[in-house]
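Trainee: First, the structure itself, so that you have it in front of you.
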Amino acid sequence: SEAVRLEGAVTITARVLQGTEWSAATQVEFIAGVAPAMADNLVVSEVMYRPALPTSDELAAGYENRDLFEYVELLNIGGETIALLGCRFTDGVDYAFDALAPALLEAAQSVLVVRDREAFTFRYGAEAAARVAGEFTDGTGLSNDGESIVIEGVAGLIRDFTYNDKSPWPESADGEGFSLVLLSPATNPD
């Protein structure tokens, strides 16, 4: 009977009563009063596409495939909190920020999308794992030879770039334990 005021990230569950019967519940996610993630406030700040080989401890724990340690980091370069809900990778990896993922990203904060959360936590620790939004959902990971990464948001294209494992890209990121790190958010990562 009254208006509902929404602030921040909110999931609304609604049902309709017809006579004595309730309809099935429907859920919708809303972001109110927060700017959406866009090209001017969100960057892909780090890509770990071919991690170092597993250590003896990682092998003993069952992590035999180095690709399980892959990840992509997103960074809010804007001056305010942004909404990630509705953002999705459309090339490179498969992942969508939905109701199960963190909906908001504060200024200067980053979030990670990983190949395997357990393997990631084992290698990089609980502090890094606390920033994990979710896992790649396509069952595959990043190409070791380079590929395009595209992320889109509710307001359109956010980032579209191609990395490679050959010069001028840093070749030490190709299996030596280093990641590709964006040096300047204002520049084109290609």
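The values are calculated or read from the model by the stated rules, or taken from the named source; none is laboratory data. Computed from a predicted structure; not experimentally measured. Every residue, glycine among them, receives a Cβ derived from its backbone with ideal geometry; neighbour counts consider all protein chains shown. Quick note on the areas: whole protein, heavy atoms, side chains included, nothing else; ligands and nucleic acids left out. Shrake-Rupley method; radii C 1.70, N 1.55, O 1.52, S 1.80 Å.
Trainee: Which one of Leu42, Leu53, Leu59, Leu84 is in contact (Cβ under 8 Å) with a residue 24 or more places away in the chain, over 24 Å from Glu152 (Cα atoms) and among the hydrophobic types (A, V, I, L, M, F, W, C)? Steps first, answer last, please.
Mentor: Values: Leu42 fails: over 24 Å from Glu152 (Cα atoms); Leu59 fails: in contact (Cβ under 8 Å) with a residue 24 or more places away in the chain; Leu84 fails: over 24 Å from Glu152 (Cα atoms).
Result of the check over Leu42, Leu53, Leu59, Leu84: Leu53.
Trainee: Go through segment 6-29 and count every residue that is assigned to a strand (DSSP E or B) and either farther than 30 Å from Cys87 by Cα or touching a helix residue (DSSP H, G or I) at 6+ places or on another chain (Cβ under 7 Å) (or both). Walk me through how you get there before you give the answer.
Mentor: The initial filter retains those residues of segment 6-29 that are assigned to a strand (DSSP E or B), namely 8-14, 17-18, 21-22, 26-29.
If we keep only those that are either farther than 30 Å from Cys87 by Cα or touching a helix residue (DSSP H, G or I) at 6+ places or on another chain (Cβ under 7 Å) (or both) too, we end up with 17-18, 21-22.
So the answer is 4.
Trainee: Further, regarding this structure: Taking segment 97-129 as the region of interest, how many residues are open to solvent by 50 Å² or more (accessible area, probe 1.4 Å) and touching a Phe, Trp or Tyr at 6+ places or on another chain (Cβ under 9 Å)?
Mentor: Count: 5.
Trainee: Let me ask something additional. Give me the pairs, please: first residue somewhere in segment 20-37 and of a type in the set (A, V, I, L, M), second residue anywhere and in a loop (DSSP other than H, G, I, E, B), beta-carbon distance under 6 Å, and either six or more positions apart or on two chains.
Mentor: Every condition considered, the pairs that remain are Ala25/Arg15; Ile31/Leu85; Ala32/Leu6; Ala32/Glu7; Val34/Thr81; Ala37/Leu84; Ala37/Cys87.
Trainee: Inspect all residues belonging to segment 139-146 and state whether any of them is open to solvent by 70 Å² or more (accessible area, probe 1.4 Å), modelled with pLDDT under 95 and farther than 29 Å from Val34 by Cβ. Steps first, please.
Mentor: Initially, segment 139-146 is screened for residues open to solvent by 70 Å² or more (accessible area, probe 1.4 Å), giving 140, 145.
Now narrow it down to the ones that are modelled with pLDDT under 95: 140, 145.
From the residues that got through so far, the ones that are farther than 29 Å from Val34 by Cβ too are 140, 145.
Yes - at least one qualifying residue is present in segment 139-146.
Trainee: May I ask you to say which residue of Ala9, Ala61 is at pLDDT 95 or above, open to solvent by 40 Å² or more (accessible area, probe 1.4 Å) and touching a Phe, Trp or Tyr at 6+ places or on another chain (Cβ under 9 Å)?
Mentor: Just a single option satisfies the conditions, and that option is Ala61.
Trainee: For segment 69-86, indicate whether the set of residues that are open to solvent by 70 Å² or more (accessible area, probe 1.4 Å) and over 19 Å from Arg117 (Cβ atoms) is non-empty. Explain how you work it out, then say what you get.
Mentor: Here is the first cut: in segment 69-86, the residues open to solvent by 70 Å² or more (accessible area, probe 1.4 Å) are 79-80.
Then drop every residue that is not over 19 Å from Arg117 (Cβ atoms), which leaves 79-80.
Checked against the condition, which is being open to solvent by 70 Å² or more (accessible area, probe 1.4 Å) and over 19 Å from Arg117 (Cβ atoms), segment 69-86 yields at least one hit.
Trainee: Is there any pair with a first residue in segment 102-119 that is within 12 Å of Val132 (Cα to Cα) and a second that is aromatic (Phe, Trp, Tyr) and in a strand (DSSP E or B) whose Cβ atoms are under 9 Å apart and which are 6 or more apart or on different chains, and what are they?
Mentor: Between residues of segment 102-119 that are within 12 Å of Val132 (Cα to Cα) and residues that are aromatic (Phe, Trp, Tyr) and in a strand (DSSP E or B), the close pairs are Leu112/Tyr71; Val113/Tyr71; Val113/Phe89; Val113/Tyr95; Val114/Tyr71; Arg115/Tyr71.
Trainee: Which fully enclosed strands (runs of 3 or more DSSP E) of segment 69-132 have 2 or more residues being of a type in the set (A, V, I, L, M, F, W, C) and in contact with a helix residue (DSSP H, G or I) (Cβ under 8 Å, 6 or more places away or on another chain)? Walk me through how you get there before you give the answer.
Mentor: Numbers: elements: 71-76, 88-91, 110-114.
It comes to 110-114.
Trainee: If you go through segment 148-190, how many residues are among the polar types (S, T, N, Q), buried (at least 16 other Cβ atoms within 10 Å of the Cβ) and in a strand (DSSP E or B)?
Mentor: First pass over segment 148-190, keeping only residues among the polar types (S, T, N, Q): 148, 162, 164, 167, 172, 179, 184, 187-188.
Remaining after also requiring buried (at least 16 other Cβ atoms within 10 Å of the Cβ): 164, 179.
Keeping just the survivors that are in a strand (DSSP E or B) gives 164.
Result for segment 148-190: 1.
Trainee: Could you list all residues from segment 20-37 that are touching a Leu at 6+ places or on another chain (Cβ under 9 Å) and closer than 28 Å to Gly92 by Cα?
Mentor: Within segment 20-37, the first condition is being touching a Leu at 6+ places or on another chain (Cβ under 9 Å), and the residues that meet it are 23, 29-34, 36-37.
Selection gives Glu29, Phe30, Ile31, Val34, Pro36, Ala37.
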